[in-house]
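A single structure is presented below for examination.
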Amino acid sequence: MTERTRFDLRPEDVPTAWFNIMPDLAQKVQPLPPLHPGTKEPVTPDLFAPLFPEALIMQEVSIEQWIDIPGPVIDTYRLWRPTPLHRAVRLEQALQTPAHIYFKYEGTSPAGSHKPNTAVAQAYYNKEAGVRRISTETGAGQWGSALSMACRFFGLESLVFMVKASYEQKPYRRIFMETFGAEVRPSPSSTTEAGKGILEANPESTGSLGIAISEAIEVAATSEDTNYSIGSCLNHVLLHQTVVGLEAQKQMEMAGEQPDFVVGCVGGGSNYAGLAYPFMAEKLRGTSKARFLATEPAACPTLTKGRFAYDFGDTAQMTPLLPMYTLGHDFVPAPVHAGGLRYHGDAPSLSLLVKEGYMEAAAYTQNEVFEAAVQFAQTEGIIPAPESAHAIKGAIDEAVAARQAGQARVILIGLSGHGHFDMKAYDDYLNGRLPEVEFDPAQEEAALSRLPDVPIPG
């Protein structure tokens with residue numbers, strides 16, 4: 001009998017509520033609140049009112065375990081959800097490992113990644129609030145693609161500030177967004193005060209997510225008909241992504257196994273949190289001993305070399321102060337091809353899990369990541385996004401460790417998107433042109449020296 005390698009749920013099995021990890025996290029460690037940059041006091045919900053609709057603000061501060069998903073959002077989810085869970089048998093054979101490797105594949109969405117899970121929700125709530133336009137940032141283009149699509153579904157206009165390095169590396173992502181009606185500007189741009197300031201200091205700036213966030217927030221804060229939307233980091237974004245992990249739990253039960261090792265890539269944290277948090281709750285409750293690995297680029301090693309501190313979420317210092325691992329809000333990472341992972345900070349809840357030892361972190365260089373990506377493509381037939389390839393690298397290392405130890409392990413990968421718009425990166429790797437980008441500790445030291453003077457309690 002042929003061994004089953006794909007596990008599918010039915011359309012009616014799409015989750016009807018998002019999972020909130022904050023109640024479980026609060027049982028183990030006291031989460032730190034975001035602070036007002038002026039008063040240094042915990043922010044109140046009204047501070048977010050110029051940027052977000054009330055429904056999303058309430059989700060951001062919610063301590064409820066479950067948040068119901070609106071019907072129109074579920075209906076839209078069913079365009080691609082539930083997404084498949086695969087067992088990577090061919091990769092297991094190539095690695096000669098006793099480990100069982102599974103991957104939850106989010107590249108089946110219309111935008112090619114996990115990002116529509118929150119983009120659709122955010123567009124829906126903004127439409128319900130009477131908003132006309134949404135402004136946002138995007139690194140590799142995955143988030144911008146998802147939000148432009150979601151805005152079109154709900155009759156909203158969209159303005160996307162795309163990090164200049166990715167804008168130039170990935171023109172087809174820009175075209176994708178424009179096909180859905182988005183206006184796309186390379187960031188830093190000359191259309192905002194934040195962008196102008198960066199360009200005056202460095203006309204050749206390749207941009208960063210922190211800069212693009214500043215530009216998008218500035219537009220929303222100064223336009224009555226425009227709200228801001230973010231693709232990662234904040235609680236409500238991670239909340240929406242938990243449909244991934246909730247489905248994966250059911251699919252792992254179908255496979256008759258439970259993960260010993262859950263690995264994903266982290267830029268801001270939404271993709272990995274979405275997969276990991278339903279499983280992490282079991283660990284926090286003491287019913288699971290699974291290990292969790294957050295992977296990132298060696299050129300932007302926020303979790304592995306950053307500092308846990310209060311910092312701004314953007315370069316122009318327009319956001320509240322967030323307690324997170326950070327390289328400094330004005331740190332500009334080198335232009336690696338994994339543009340979605342070029343962010344100076346990480347989600348506060350995920351950062352806290354790393355800080356308290358519930359989650360591990362590892363950083364990899366570009367070439368070793370693409371080596372893993374090519375091996376995955378050649379065995380499993382899916383060309384992964386450069387971001388997702390970091391998770392694959394972590395999983396391969398764990399599978400090799402299982403072989404060396406002679407131990408069977410169950411590994412679950414979050415494969416957050418496909419790499420069909422990343423062929424330039426693969427071309428560079430396959431032809432020996434992919435640079436081994438170095439992390440600049442001197443730049444980090446300088447950026448960290450400019451952190452707000454706010455002590456972390458304890």
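Can you confirm whether the range 60-67 contains a residue that is of a type in the set (A, V, I, L, M) and more than 21 Å from the chain's Cα centre (by Cα)?
yes
Still on this structure: With the structure loaded, tell me whether residue 81 is surrounded by fewer than 16 Cβ atoms within 10 Å (Cβ to Cβ), touching a residue at least 40 places away in the same chain (Cβ under 8 Å) and of a type outside the set (S, T, N, Q) or whether it fails that test. Steps first, please.
Values: surrounded by fewer than 16 Cβ atoms within 10 Å (Cβ to Cβ): no; touching a residue at least 40 places away in the same chain (Cβ under 8 Å): yes; of a type outside the set (S, T, N, Q): yes.
It is false that residue 81 is surrounded by fewer than 16 Cβ atoms within 10 Å (Cβ to Cβ), touching a residue at least 40 places away in the same chain (Cβ under 8 Å) and of a type outside the set (S, T, N, Q).
OK, next. Looking at residue 59, is it among the polar types (S, T, N, Q), surrounded by fewer than 14 Cβ atoms within 10 Å (Cβ to Cβ), modelled with pLDDT of 95 or more and not in a loop (DSSP other than H, G, I, E, B)? Reasoning before the result, please.
Numbers: among the polar types (S, T, N, Q): yes; surrounded by fewer than 14 Cβ atoms within 10 Å (Cβ to Cβ): no; modelled with pLDDT of 95 or more: yes; not in a loop (DSSP other than H, G, I, E, B): yes.
No; evaluated as a whole, the condition is false for this residue.
How many residues does the range 436-446 hold that are more than 13 Å from residue 301 (Cβ to Cβ) and surrounded by 13 or more Cβ atoms within 10 Å (Cβ to Cβ)? Can you show your working first?
Here is the first cut: in the range 436-446, the residues more than 13 Å from residue 301 (Cβ to Cβ) are 436, 442, 445-446.
With the extra rule that they be surrounded by 13 or more Cβ atoms within 10 Å (Cβ to Cβ), the set shrinks to 446.
The qualifying residues number 1.
List every residue pair whose Cβ atoms sit under 6 Å apart, with the two residues 6 or more apart in sequence or on different chains, where the first one lies in the range 399-423 and is farther than 23 Å from residue 279 by Cα and the second, anywhere, is outside any strand (DSSP E or B) and of a type in the set (Ser, Thr, Tyr).
Sorted first by the residue in the range 399-423, then by its partner, the pairs are 403/97; 421/172.
Follow-up. Which condition from (1) at pLDDT 95 or above; (2) within 20 Å of residue 237 (Cα to Cα) is the one that residue 284 breaks?
Single failed check for residue 284: (2).
Let me ask another. Filter the range 285-304 down to the residues that are in contact with a helix residue (DSSP H, G or I) (Cβ under 7 Å, 6 or more places away or on another chain) and either among the polar types (S, T, N, Q) or in contact (Cβ under 8 Å) with a residue 40 or more places away in the chain (or both) and list them by number.
Within the range 285-304, 285, 288, 292, 293, 294, 295, 296, 297, 300, 303 qualify.
Considering every residue within the range 310-333, establish whether at least one is in a helix (DSSP H, G or I) and touching a residue at least 60 places away in the same chain (Cβ under 8 Å). Even if it seems obvious, please write down each step before you answer.
Taking the range 310-333 first, the residues in a helix (DSSP H, G or I) are none.
Taking every residue of the range 310-333 in turn, none turns out to be in a helix (DSSP H, G or I) and touching a residue at least 60 places away in the same chain (Cβ under 8 Å).
Here are 187, 166: which of them is in contact with an Asp or Glu (Cβ under 7 Å, 6 or more places away or on another chain) and on the phi < 0 side of the Ramachandran plot? Give the steps one after another, and end with the answer.
On the way: 166 fails: in contact with an Asp or Glu (Cβ under 7 Å, 6 or more places away or on another chain).
Checking each option against the conditions leaves just 187.
While we're looking at this one, here's another question. Any residue in the range 371-396 that's closer than 22 Å to residue 170 by Cα: show its pairings with residues that are acidic (Asp, Glu) and crowded, with 19+ Cβ neighbours inside 10 Å at Cβ separation under 7 Å, as long as the two are six or more apart or on different chains.
That search, which allows pairs on different chains as well, returns 385/422; 386/422; 390/296.
When you go through 193, 218, 183 one by one, which is the residue that is more than 20 Å from residue 268 (Cβ to Cβ), of a type in the set (Asp, Glu) and under 24 Å from the mean Cα position of the chain (by Cα)? Step through it out loud before you land on a result.
Working: 193 fails: under 24 Å from the mean Cα position of the chain (by Cα); 218 fails: more than 20 Å from residue 268 (Cβ to Cβ).
Sole residue among the options that is more than 20 Å from residue 268 (Cβ to Cβ), of a type in the set (Asp, Glu) and under 24 Å from the mean Cα position of the chain (by Cα): 183.
Please list, ordered by residue number, the strands (runs of 3 or more DSSP E) wholly in the range 78-152 having 2 or more residues that are within 18 Å of the chain's Cα centre (by Cα). So that I can check it myself, show each step before the final result.
Details: elements: 85-87, 100-105, 133-138.
Qualifying strands (runs of 3 or more DSSP E): 100-105, 133-138.
Has the range 190-203 got any residue that is touching a Leu at 6+ places or on another chain (Cβ under 8 Å) and within 21 Å of residue 151 (Cα to Cα)?
Residues of the range 190-203 touching a Leu at 6+ places or on another chain (Cβ under 8 Å): 190.
Then drop every residue that is not within 21 Å of residue 151 (Cα to Cα), which leaves none.
For the range 190-203, residues touching a Leu at 6+ places or on another chain (Cβ under 8 Å) and within 21 Å of residue 151 (Cα to Cα): absent.
For the range 20-50, which residues satisfy the criterion of being β-branched (Val, Ile, Thr) and within 29 Å of residue 134 (Cβ to Cβ)?
Within the range 20-50, 21, 39, 43, 44 qualify.
Just for helices (runs of 4 or more DSSP H) wholly inside the range 340-437: which have at least 3 residues that are modelled with pLDDT of 95 or more and within 13 Å of residue 91 (Cβ to Cβ)?
Filter on the range 340-437 gives 366-380, 386-405.
Within the range 435-453, can one find any residue that is over 21 Å from the mean Cα position of the chain (by Cα), closer than 30 Å to residue 172 by Cβ and not acidic (Asp, Glu)?
Yes: the range 435-453 contains one or more residues that are over 21 Å from the mean Cα position of the chain (by Cα), closer than 30 Å to residue 172 by Cβ and not acidic (Asp, Glu).
Turning to a different aspect of this structure: Between residues in the range 430-458 that are among the acidic types (Asp, Glu) and residues that are modelled with pLDDT of 90 or more and part of a helix (DSSP H, G or I), which pairs lie under 8 Å by C-beta distance while being six or more apart or on different chains?
As it stands, the answer is 436/366; 436/367; 444/305, since those pairs meet every condition given.
From the residues in the range 316-348 that are surrounded by 24 or more Cβ atoms within 10 Å (Cβ to Cβ) and among the small types (Gly, Ala, Ser), which one is farthest from residue 443 (Cα to Cα)?
Among those that are surrounded by 24 or more Cβ atoms within 10 Å (Cβ to Cβ) and among the small types (Gly, Ala, Ser), it is 347.
If residue 12 satisfies all but one of (1) farther than 30 Å from residue 223 by Cα; (2) of a type outside the set (Val, Ile, Thr); (3) touching a residue at least 24 places away in the same chain (Cβ under 8 Å), what's the number of the condition it fails?
So residue 12 meets the others, but not (3).
Another question about this same structure. Residue 291 fails exactly one of the following numbered conditions: (1) at pLDDT 95 or above; (2) within 23 Å of residue 236 (Cβ to Cβ); (3) out of contact with any Pro (no Cβ under 8 Å at 6 or more places or on another chain). What is the number of that condition?
For residue 291, the exception is condition (2).
Inside the range 126-158, can you point out the residues that are surrounded by fewer than 24 Cβ atoms within 10 Å (Cβ to Cβ) and touching a residue at least 24 places away in the same chain (Cβ under 8 Å)? Before you say what the answer is, go through the steps one by one.
Filtering the range 126-158 down to residues surrounded by fewer than 24 Cβ atoms within 10 Å (Cβ to Cβ) leaves 127-133, 152-157.
The answer is 127, 128, 129, 131, 132, 133, 152, 153, 154, 155, 156, 157.
Just one of the numbered conditions (1) surrounded by 21 or more Cβ atoms within 10 Å (Cβ to Cβ); (2) in a helix (DSSP H, G or I); (3) among the aromatic types (Phe, Trp, Tyr) is not true of residue 172; which one?
It is condition (1) that residue 172 fails.
With respect to residue 315, determine if the residue is under 24 Å from residue 33 (Cβ atoms) and among the hydroxyl-bearing types (Ser, Thr, Tyr). If you could, list the steps in order and put the result at the bottom.
Details: under 24 Å from residue 33 (Cβ atoms): yes; among the hydroxyl-bearing types (Ser, Thr, Tyr): yes.
Criteria met by residue 315.
In addition: Please determine, by comparing only the residues of the range 273-306 that are of a type in the set (D, E, K, R) and in contact with a strand residue (DSSP E or B) (Cβ under 6 Å, 6 or more places away or on another chain), which one is farthest from residue 366 (Cα to Cα).
At the first step, the residues of the range 273-306 found to be of a type in the set (D, E, K, R) are 282-283, 285, 289, 291, 296, 305.
If we keep only those that are in contact with a strand residue (DSSP E or B) (Cβ under 6 Å, 6 or more places away or on another chain) as well, we get 291, 296.
Numbers: 291: 24, 296: 10 Å.
Taking the candidates together, the pick is 291.
The values are calculated or read from the model by the stated rules, or taken from the named source; none is laboratory data. This is a predicted model, so every value here is computed, not measured. Please note: Cβ atoms are built from the backbone with ideal geometry, for glycine as well, and neighbour counts cover all protein chains shown.
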